[in-house]
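**Student:** I'd like to ask some things about the structure below.
The values are calculated or read from the model by the stated rules, or taken from the named source; none is laboratory data. Given the structure is predicted, the values throughout are model-derived calculations rather than measurements. Don't worry about glycine lacking a Cβ; one is built from the backbone with ideal geometry, like all the others, and counts go over all protein chains shown.
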Amino acid sequence: MVKSNCFNLKKQIMKKLFIAAMLFAGVTSFAQDMDQKTEREHKEKLTPEQRNEKQLQKLTTELSLDTNQQAQVKQLLAERSAKAESFKEARKAKKENNEKITAEEKAAYKKQMEDEVAANDAKMKTILKADQYTKWKTLQEQKREKMKEKVKEYKKENN
């Protein structure tokens, strides 16, 4: 009888240890999930002016812009940012009114964006020197490739 009580006692202790270990593992994995926020959630929210200033500083460093070029690029960034904000507000208003964007509107937007990119490109070409412009185009292409990779990763994660 003493042996069976001892065996039952060991069995109960083992069960409790097993349950405690499982609870600990579950809590630990849950805590790790909470810590791993997406990159987007970690990014700070910048105002359009702050984004423009940050981008200007980056371009100044990467392209060695002089003060005249900085002023012109700053103006260009401000114009671009204002257009983007107005478009964002229009999209937001449509979304709030539960209006769907038609295929024609999508095509018009795409055309408008292509025109904006071409106009921006032409303005940058007049502002920058030939070597700076070449470097800027290379940086733009690298940025585009990086975005494509991020989109692929996002699609992979969410499918």
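**Student:** Pick out the one residue from V151, V117 that is hydrophobic (A, V, I, L, M, F, W, C) and over 21 Å from L76 (Cβ atoms).
**Tutor:** Numbers: V117 fails: over 21 Å from L76 (Cβ atoms).
Answer to the selection: V151.
**Student:** Looking at this structure, is S64 modelled with pLDDT under 90 and more than 25 Å from the chain's Cα centre (by Cα)?
**Tutor:** Answer is no for this residue.
**Student:** Cβ-Cβ distance below 8 Å, separation of 6 or more or different chains: which pairs start in the stretch 127-141 with a residue that is within 17 Å of L77 (Cα to Cα) and end on one that is of a type in the set (K, R) and part of a helix (DSSP H, G or I)?
**Tutor:** Correct list of pairs: Y133/K125.
**Student:** For residues that are at pLDDT below 65 and in a helix (DSSP H, G or I), scanning just the stretch 1-28, find the one that is nearest to the chain's Cα centre (by Cα).
**Tutor:** Our first condition is that a residue be at pLDDT below 65; within the stretch 1-28, this holds for 1-3.
Filter again for in a helix (DSSP H, G or I), leaving 2-3.
Details: V2: 66, K3: 65 Å.
Going through the qualifying residues, I end up with K3.
**Student:** Do any residues in the stretch 63-87 that are over 20 Å from E116 (Cα atoms) have Cβ atoms under 7 Å from those of residues that are part of a helix (DSSP H, G or I) and among the charged types (D, E, K, R), where the two are at least six apart or on different chains, and which pairs are they?
**Tutor:** Listed by first residue and then by second, the contacts come to L63/K135.
Residues checked against (1) under 23 Å from the mean Cα position of the chain (by Cα); (2) assigned to a helix (DSSP H, G or I); (3) surrounded by 12 or more Cβ atoms within 10 Å (Cβ to Cβ):
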position: Q55; (1), (2), (3): yes, yes, yes
position: T60; (1), (2), (3): yes, yes, yes
position: F87; (1), (2), (3): yes, yes, yes
position: A90; (1), (2), (3): yes, yes, no
position: D115; (1), (2), (3): no, yes, no
position: A118; (1), (2), (3): no, yes, no
position: K123; (1), (2), (3): no, yes, yes
position: K135; (1), (2), (3): no, yes, yes
position: E141; (1), (2), (3): yes, yes, no
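**Student:** Looking only at the stretch 55-79, which residues are closer than 21 Å to T134 by Cα and of a type in the set (D, E, K, R)?
**Tutor:** Scanning the stretch 55-79 gives K58, E62, D66, K74.
**Student:** Filter the stretch 62-73 for residues that are farther than 17 Å from Q140 by Cα and in a helix (DSSP H, G or I) and give the result.
**Tutor:** Once the filter is applied, which keeps residues that are farther than 17 Å from Q140 by Cα and in a helix (DSSP H, G or I), the stretch 62-73 yields T67, N68, Q69, Q70, A71, Q72.
Here is a yes/no grid of residues against (1) exposed (fewer than 14 other Cβ atoms within 10 Å of the Cβ); (2) closer than 19 Å to Q55 by Cβ; (3) more than 21 Å from the chain's Cα centre (by Cα):
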{"site": "A71", "(1), (2), (3)": "yes, yes, yes"}
{"site": "K100", "(1), (2), (3)": "yes, no, yes"}
{"site": "K146", "(1), (2), (3)": "yes, yes, no"}
{"site": "K150", "(1), (2), (3)": "yes, yes, no"}
